[in-house]
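Visitor: I have a structure I would like to understand better, so I am pasting it below and will then ask my questions one at a time.
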Amino acid sequence: MITVVVLSERLDAVLPAAALPALRTATAVYAGEGVPLEFWSSLGVDGLAPAVVEDGAVVITTNASQYPDATVITTPEPLGAALLDAAAVMHRLRSPGGCPWDAEQDHDSLRQYLVEETFELLEAIEDGDRASMREELGDVLLQVLFHARVAAEDPEDPFDIDAVASELVAKLVGRHPHVFEGNDPAVHDATSQQHRWEELKQAEKQRESSVDGVALGQPAVALAAKLVQRTKRAGFPVDLLPEGDDTGTTLFAVTALSKLAGEDPETELRQVCRRFAANVREAEAKARAEGLDSLMAEDWRRFLPS
């Protein structure tokens, strides 16, 4: 039996650790398809693989298809390797000779898709649909790649996906000193880490207010919850939260109470909405089964699940 070691086309001359035992006991080590001559010495190659390879030999190659009966050891791809492919595809689509529709888009025209894909991902998470989650995460990733590719063409302030990723890495490392610097006495559990994150963010961005940086364009329930969360961390007294009998203030008060109780009011309300929509569909289906096309109030009361 021969052993075939399949090198990654992304990682030059990197052998998988699983191949080392076979290489140490090999009767001969040959270079097969895809292995450049300059890598032979570093891989311990004796020569090109002959037409017939003897038992006990190891063939290092990038293509194992010509050795159907061999023991195959593959080189694991580095984590995130497929992201390079995704970025390359986006680059091709946006470049001359690519997709005309993609070439016409800008940040403003893409905004609706970012919102739509985010809500579709949220729905997949709520449904516990793993296949849809995987697909929708890809669609959200596409929006990030698309916006970064558009940004790379800006004549005054260009940046690309690598700049986006580098800034993210710097942010994650800087806000996790207990992980990357070995110690942070302010962090001892998940709750203290959350507080520390906000402290580091405020210092980093030189914010003057506890509510600086809150996205005011987000849905109102989520916005109210975020404002309550931020002000609570700043020591804002609960009795100073907005009071009143109008609809907006009442909704704010309910949202505040939910957030202060440790709940996520946006999620809670979405769950009620989803249950309500499901009940409406069920009632309408029962009515249709009895030949009713339109429902009166008494019909809704009869068919709506309790």
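Visitor: Suppose R0 equals 51 Å. What FRET efficiency, 1/(1 + (r/R0)^6) with r the Cβ-Cβ distance, do S192 and A278 give to the nearest 0.05? Walk me through the intermediate numbers first.
Guide: Details: r = 40 Å, r/R0 = 0.78.
Once the sixth-power term is evaluated, E becomes 0.80.
Visitor: Once amide H atoms are built 1.01 Å from N in the peptide plane, which residues 5 or more positions from V59, or in another chain, come under 5 Å H to H?
Guide: Amide H to amide H, under 5 Å and 5 or more residues apart or across chains, V59 pairs with T3, V4, V5, Y30.
Visitor: How large is ³J(HN,Hα), in whole Hz, for each residue of the range 53-61 in order, when computed from phi with the Karplus curve 6.51 cos²θ - 1.76 cosθ + 1.60 and θ = phi - 60°, using x for Gly and Pro?
Guide: Couplings: 9, 6, 4, x, 8, 10, 10, 9, 8 Hz.
Visitor: Here's something else I'd like to know. Evaluate the Kirkwood expression for the hydrodynamic radius of the chain, namely the inverse of the mean inverse distance over all pairs of different C-alpha atoms, and round to one decimal in Å. Don't jump to the answer; show the numbers that get you there.
Guide: On the way: mean 1/r = 0.0385 Å⁻¹.
Computed over Cα pairs of the chain, the Kirkwood hydrodynamic radius comes out at 26.0 Å.
Visitor: Take V238 and V115, extend 7 Å from each Cα along the Cα→Cβ direction, and tell me the distance between the two endpoints in nm.
Guide: Roughly 3.4 nm, to one decimal.
Visitor: Here's another thing I want to ask about it. What's the Kirkwood radius of the range 184-306 in Å, using all Cα pairs? Write out the running numbers ahead of the final one.
Guide: Details: mean 1/r = 0.0558 Å⁻¹.
It works out to 17.9 Å.
Visitor: Here's another thing I want to ask about it. If I model the range 98-195 as equal point scatterers sitting on the Cα atoms and use the Debye formula, what is log10 I(q)/I(0) at q = 0.13 Å⁻¹?
Guide: At q = 0.13 Å⁻¹ the computed log10 ratios are -0.71.
Visitor: On to the next question. Using θ = phi - 60° and the Karplus relation 6.51 cos²θ - 1.76 cosθ + 1.60, list the HN-Hα couplings for the range 148-155 in order, rounded to whole Hz, with x at every Gly or Pro.
Guide: Karplus-based 3J(HN,Hα) across the range 148-155 equals 5, 5, 5, 4, 5, 8, 5, x Hz.
Visitor: Also, I was wondering about something else. Taking the alpha-carbon distance from K286 and a cut-off under 19 Å, which aspartates and glutamates remain once sequence neighbours fewer than 8 residues away in the same chain are dropped?
Guide: Counting by Cα, and skipping residues close in sequence, K286 has these aspartates and glutamates nearby: E298, D299.
Visitor: Also, I was wondering about something else. Taking H placed 1.01 Å from N in the peptide plane, check which residues at least 5 places from T74 or on another chain put their amide H under 5 Å from its amide H.
Guide: Those lying under 5 Å, H to H, from T74 are V6.
Visitor: For a quick check: with amide H placed at 1.01 Å from N, whose amide H comes under 5 Å from L48's, ignoring anything fewer than 5 positions away on the same chain?
Guide: It is A31, by chain and number.
Visitor: Then there is this: So what J values fall out for the range 62-71 if you push phi through Karplus, 6.51 cos²θ - 1.76 cosθ + 1.60 with θ = phi - 60°, rounded to Hz, Gly and Pro as x?
Guide: Per residue, the Karplus-derived 3J(HN,Hα) values read 10, 9, 9, 5, 7, 10, x, 9, 7, 7 Hz.
Visitor: For the chain, which span is the longest to avoid every loop-located (per DSSP) member of trypsin sites (Lys or Arg not before Pro) having at most 16 other Cβ atoms inside 10 Å?
Guide: Working: sites that count: R10, R207.
By the stated rule (loop sites, at most 16 other Cβ atoms within 10 Å), 11-206.
Visitor: Give a quick list of GluC sites (Glu not before Pro) in the range 29-138 that DSSP marks as loop, anything other than H, G, I, E or B, with at most 11 other Cβ atoms within 10 Å. Don't skip to the answer; put the middle values down first.
Guide: Details: sites: E33, E38, E54, E104, E116, E117, E120, E123, E126, E135, E136; in loops: E33, E54.
Counting only loop positions with at most 11 other Cβ atoms within 10 Å, the GluC sites (Glu not before Pro) in the range 29-138 are E54.
Bear in mind these aren't lab numbers, they're just calculated from the coordinates by the rules spelled out. Being a predicted model, the structure only gives us computed values, none of them experimental. Ideal geometry is used to build each Cβ from the backbone, glycine not excepted, and the neighbour counts take in all protein chains shown.
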